[in-house]
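Encoded as structure tokens, the structure appears first; notes follow it.
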Amino acid sequence: MFVKALLIGLLTWFCGGVVVEVLCWSFYSCAPLLGGTIVGLILGDARAGMIIGANIQLVYMGQIIVGGVPASDYAIAGCVATALTMLTNQPPEMGITIAVSLGFLGLLARNARMTVNSIWVHKADKAAAEGNTRKIFFYNTICPQFINLLVYAVPAFLAVYFGAEYFQQFLDILPEFVLTGLQAVGKLLPALGIALLLKSIFNAKFVPFFLIGFIFSSYLKLDIIAIALLGASFAMLYWHMNKKNEEAA
């Protein structure tokens with residue numbers, strides 16, 4: 001378990017404080033989905049990790065980052081919450097509730113990282129004034145990662161390695177109606193995320209696709225992965241059909 005907790009800690013650091021800027025948006029903005037899947041691979045059940053990560057991703061789909069400050073830390077919400085949900089054998093709905101709580105706490109890690117790493121900016125400015133490119137690279141790229149490891153990898157490792165047992169004990173003492181309420185909240189939060197997304201990109205011509213997805217989920221009882229694949233297929237068909245119409249015009 002030590003190695004698995006260590007790997008999840010490093011994954012959380014990579015998603016939250018990635019070194020390579022090109023990979024930043026692909027991993028950071030989709031951390032609950034991609035991070036959850038990788039956590040599932042580490043813990044031996046990629047399917048469960050993907051399902052939990054996909055459910056968590058729904059909560060944050062419609063959130064818009066203003067001024068570079070998100071409403072939650074997606075790395076901790078995706079990686080750590082998925083790990084705790086799997087280790088305590090909780091349903092995906094409970095994972096959403098855990099993720100939202102940890103995501104808010106994760107903002108402390110993000111703010112601490114941004115605050116402390118500002119030290120290196122001033123040192124890099126001095127190096128630039130000296131014309132020392134090696135120091136500029138060192139202060140801008142290497143030094144911030146030590147802070148990122150401290151605020152992401154260490155808490156994630158401790159939460160997974162030590163926290164799962166205590167979290168399971170905490171869940172065991174909760175009354176059944178409390179657990180039911182938490183799961184109900186977890187089912188409502190994805191609806192809120194989708195509503196926020198629809199508010200941002202709503203277009204009347206896409207309503208049929210929304211209704212088709214609702215039918216698949218409510219009446220045909222397909223899981224979130226199947227619906228996501230169908231949605232991607234519809235999106236590709238829609239794109240190809242529009243492309244042909246544009247070429248014909």
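The values are calculated or read from the model by the stated rules, or taken from the named source; none is laboratory data. Just so it is clear, the structure is predicted and the values come from calculations on it, not from any experiment. Positions of Cβ are backbone-derived with ideal geometry, glycine not excepted, and every protein chain shown enters the neighbour counts. Please note that ligands, DNA and RNA were not included when accessible areas were found on the heavy atoms of the full protein model with its side chains. Shrake-Rupley method; radii C 1.70, N 1.55, O 1.52, S 1.80 Å.
Tabulated data
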item	result
Virtual spin-label span in nm between L229 and V116, 7 Å along Cα→Cβ	4.3 nm
Sites K205 and L105, calculated FRET efficiency, Cβ-Cβ separation with R0 35 Å, nearest 0.05	0.30
Residues with amide H under 5 Å from that of D73, placed H, sequence gap 5 or more	F104, G106, L107
Separation in nanometres of the label points that stand 7 Å from Cα toward Cβ, at K126 and I142	1.7 nm
Exposure rank, largest accessible area first [L150, L6; 1.4 Å]	L150, L6
Neighbourhood charge, 11 Å Cβ-Cβ cut-off, centred on A54 and excluding it, Lys, Arg +1 and Asp, Glu -1	0
Formal net charge of residues neighbouring I212 (Cβ-Cβ distance under 15 Å; K, R +1; D, E -1)	+2
